1. Can you tell me which of (1) in contact (Cβ under 8 Å) with a residue 40 or more places away in the chain; (2) touching a Leu at 6+ places or on another chain (Cβ under 6 Å) is the one P797 doesn't meet?
2. Can you give me the number of residues within the range 664-699 that are part of a helix (DSSP H, G or I), surrounded by fewer than 17 Cβ atoms within 10 Å (Cβ to Cβ) and hydrophobic (A, V, I, L, M, F, W, C)?
3. Do you know which residues across the range 519-531 are more than 24 Å from L672 (Cβ to Cβ) and of a type outside the set (S, T, N, Q)?
4. Report the residue count in the range 583-612 for those that are open to solvent by less than 50 Å² (accessible area, probe 1.4 Å) and touching a residue at least 40 places away in the same chain (Cβ under 8 Å).
5. For K251, only one of the following conditions fails: (1) modelled with pLDDT of 90 or more; (2) charged (D, E, K, R); (3) in a loop (DSSP other than H, G, I, E, B). What is its number?
6. For the range 456-464, check the following and say yes or no: at least one residue is open to solvent by 40 Å² or more (accessible area, probe 1.4 Å), in contact with a helix residue (DSSP H, G or I) (Cβ under 7 Å, 6 or more places away or on another chain) and of a type in the set (D, E).
7. Can you say whether H568 is touching an Asp or Glu at 6+ places or on another chain (Cβ under 7 Å), closer than 30 Å to K770 by Cβ and open to solvent by less than 60 Å² (accessible area, probe 1.4 Å), as far as the supplied structure shows?
Amino acid sequence: METYHPVPAHGIFAEVILPLAVPKPYTYAVPEEMVTAVRPGLRVEVEFGGNKRYAGLVSRLHHEMPSHKFKTILSVIDEVPVLNEKTLQFWQWLAEYYCCSLGEVMEAALPANLKLASERRLVLSPLYDGNFGGLTDKEYLITEALSIQETITIDDVRKILNQKTIYHIIKSLLDKKVIYLYEEMEEKYAPKKVSCVRLAEPYRSDSKQLQQAFDLCAKALRQTEALMAFIQLARGQPAKDGGLLRSEIYKKASVDSSVLNSMAKKGVFELYDREVSRLGGYEDEVTEADELAPQQVRALAEIRSHFTEKNTVLLHGVTGSGKTRVYLELMQEALARGEQVLYLLPEVALTTQIIRRLQKTLGDAVTVYHHRITNNERVEVWKTVGSWQLAVGSQTVETAPDCPLPTVELPNSKTELPTCILGARSALFLPFTNLGLVIVDEEHDTSYKQNDPAPRYNGRDAAIYLAHLHDAKVLLGTATPSLETYHNARSGKYGLVEMPERFGGIQMPEIVVVDAREEVKQRKMQSHFTSVLLDELKAALARGEQAILFQNRRGYAPTLRCNTCGWHSECIHCDVSLTYHKFRNNLQCHYCGYQLELAKICPACGGHELNLQGFGTEKIEDELKIYLPEANIGRMDYDAVRTKDAHARIINDFEERRIDVLVGTQMVTKGLDFENVSVVGVISADQLLQFPDFRSGERGFQLITQVAGRAGRRGKRGKVIVQAMNPAHPVIREVIDNDFQAFYEREIMERKAFEYPPFSRLVKITLKHKKPDVLNRGAKSFVQVLKNKLGKRLLGPTVPPVGRVREYYLLDIMIKMERNPNLWKLTKDLIGEATRVMQQQEGFSTVRVNVDVDPG
């Protein structure tokens, strides 16, 4: 039963953000005893939705009486805020601009171990008399466990009974008054600790009294040896707290824990646990950065000049032009000013190479933040970045501008902090306090766009707004700018700096387009490889050089089809074909993960003529071994890099030349630098240019140019072989000529003619439901509200190319509008109104609405 509380005498209320998709923060009363403790940015324990408990974030304190019944805050979790005012403003902007709730932003932003929710636990009822009579066997097992352990969780019950469905058993025990349930919330984050030992007082502070310590151990040889070992080790590695790892003493003196325990009882040693960071430091020697080339010196001067007038600058440099060295120089300048730096990369794979380059010059000032580090490591980075304020002296934090409550003095502390964060788009959410420079490398990359779940934000655009909040500078770097970014630079909104030459005077790679259709006619094609590509690969391997092959589709084959009746394998949950994966020897859905054994006979007609059609990276890797039997073939795609260190292992193997030919998807196109790669092959350029998307030409140009840039980066000129059925396509011609200006002028003219971004703003709304008839009727209601005000700006609803995903049927609605702030505000309000109107109607409350602003 929910418990509500009277109005507190002091009349102070807190708006609390919950990690749930509720429309707005929920208001709670602040108890009298917590008035001085509750502040914006702190996590507090609250009840929501019955007796379920959550760790919510206080966003604001005020004296406004809520219109709804309210509860009180149960406890304050933190002593120091986990996020600051600017981080909260950033969250609010994300929620408003990308049409989602603050709770959804919180769910995406906070590390998992800072998001707490209560867990339901069982305990024996005080009304239970201890009589096991009348209990079933399973009820007896649970009751017996509770008599031993006092309290157990729901998951514990499942393990005890070895079954998943257990709620009927728990209900029976509740009805018999044997147990009762309660909610308990536990802190998930636990600091890493190591077991240490140090001299007890007075020996620690007065070395003259050490003889007395030896006298206490005189009758125990092993204790004397342990004391000698401690003194010897302490001289070589003095610690701030005077301690050493116990394991070092065990190894040095060949003793065990019983010896140290005995010495602690005598007052010779003090045993304690020391808190240590999980973030690994840089242990090699820090060196000076390489000398700047004339082009880099000029680029830096232009960037600094633009930064005096503009906050955002686009660095447009060809692949291999030395942009990373320019970034490094600007980072060093920002760090010297005492500012924090955020270096964003589109893919986790890129951090492996970049982190090494940065740490050689910046040392421990660099740390990594992305989804592949552990949850506890993420919490430590979060706390360290957010505690920058503690390193620059004590300061006063106000509770809220409209609520004159007592201020709180933060402690003065001096700690070494990582001041440069290298990460993927999730690093944007870190609670920066002194951000001075944001670098968005490969700014054009589609991986910066979050698709699901909400907030569906663009990392590049969000980075620019985050920098605006901190009055920081933004450098966007790429060889192939997005049309929106380049348009902003050409129109004067951003500064523009060009680096048209490769570092060291190396020529751009020679690009050869091979007409695959002619190769097929002349019967030169071998599997999916033209004769030109195979000859170049063989020649490169004979010279001891390496190659990269790009195919933008993972798996072995995308379709299994029956030649007799035309049946093809489809996912039972989604409207897509199942892809065959040879290394698992099964069919798999790339949308929901559904898997199926490879059929031997057609389930529709019983025929045996089943063929795998199409090809992906697995098939390229497999068949390449036939034509290049002496070569070591490697693969880098989503399937090959699932584990934490798989990226680094593959990249390292390729750098160390244990792999001769690397086959991969988009991962191999993004900023990787391999000095021995002389040949790059694009297996099927046509696939990149035939998507039903107005951006397909832009994406194709970017991908082909980027993967071509991996060739010949050091030493001699590289060669790129592009296989295409339509070699006369304008995008392919522009790639051959390395003519971004021609590509931009042609593409921007088409965008303007058809009113696509950057000349308009797009919002895609996807409606979902498990029943198609409910979805269709709900969509009519939804569209009607929008159509009345938006008119022809509204397109749809239409069924998308994949019309069902995870058993939900989909309908897309597109809004294409002028870039008008007032119209944008009206549209957001209309989307909210349409959602409310539709979901308030009978039968439509379960229709899901996903809003994607600026879809990628």
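The values are calculated or read from the model by the stated rules, or taken from the named source; none is laboratory data. Just so it is clear, the structure is predicted and the values come from calculations on it, not from any experiment. A quick note on method: Cβ atoms are made from the backbone with ideal geometry, for glycine too, and the neighbour counts reach across all protein chains shown. Side chains included, ligands, DNA and RNA excluded: accessible areas come from the protein's heavy atoms. Shrake-Rupley method; radii C 1.70, N 1.55, O 1.52, S 1.80 Å.
1. Among (1) in contact (Cβ under 8 Å) with a residue 40 or more places away in the chain; (2) touching a Leu at 6+ places or on another chain (Cβ under 6 Å), P797 violates only (1).
2. Residues that pass the stated criteria total 0.
3. E519, V520, K521, R523, K524, M525 - these are the residues of the range 519-531 that are more than 24 Å from L672 (Cβ to Cβ) and of a type outside the set (S, T, N, Q).
4. 4
5. Every condition holds for K251 apart from (3).
6. Within the range 456-464 (the criterion being open to solvent by 40 Å² or more (accessible area, probe 1.4 Å), in contact with a helix residue (DSSP H, G or I) (Cβ under 7 Å, 6 or more places away or on another chain) and of a type in the set (D, E)), the answer is no, since none of the residues qualifies.
7. no
Each row is one residue, and each column tells you yes or no for (1) surrounded by fewer than 20 Cβ atoms within 10 Å (Cβ to Cβ); (2) out of contact with any Leu (no Cβ under 8 Å at 6 or more places or on another chain).
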position	(1), (2)
R733	yes, yes
Q741	yes, yes
E750	yes, yes
F759	yes, yes
V763	no, yes
L767	no, no
D773	yes, yes
